[in-house]
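Derivation of every value follows stated rules applied to the coordinates shown; laboratory data play no part. Since this is a predicted model, take the numbers as computed values, not measurements. Cβ placement follows ideal geometry from the backbone for every residue including glycine, while neighbour counts extend to all protein chains displayed.
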Amino acid sequence: MTLRMTLRDVSELKRDPKVATEDISFRDGKMTYLGVFVETGGVTLSDLDRGDTGFLRGAAAAAAAAAAKPKTKAAAKPRAKKAAVKKTPVTADDATAE
């Protein structure tokens, strides 16, 4: 495996206080990070070359999403309907009749 990194990413990796000094090593003028050879510069975007041609970026995430069960909503309960009340307008004649 080869890790191809931009010059900026390599510089930030070397100075990152969260990276343990044991994780980075230099031998024969070559840098390794976590045992992976780091190829510095010559790229516009850092990339990990796994060496296998069958690897598809995002394939693991897509498989995990497909395996996850979609959430289904419970069926809505039927609403109780109010009894219909017929309203009749009150007229002046009705008010005097009482």
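For labels at residue 6 and residue 84 in the simple 7 Å Cα→Cβ model, what's the distance in nm? Result for the modelled spin labels: 7.0 nm. Most tightly packed first, judged by the mean number of other beta-carbon atoms within 10 Å of their residues, the peptides 22-35, 77-90, 2-15 read 2-15, 22-35, 77-90.
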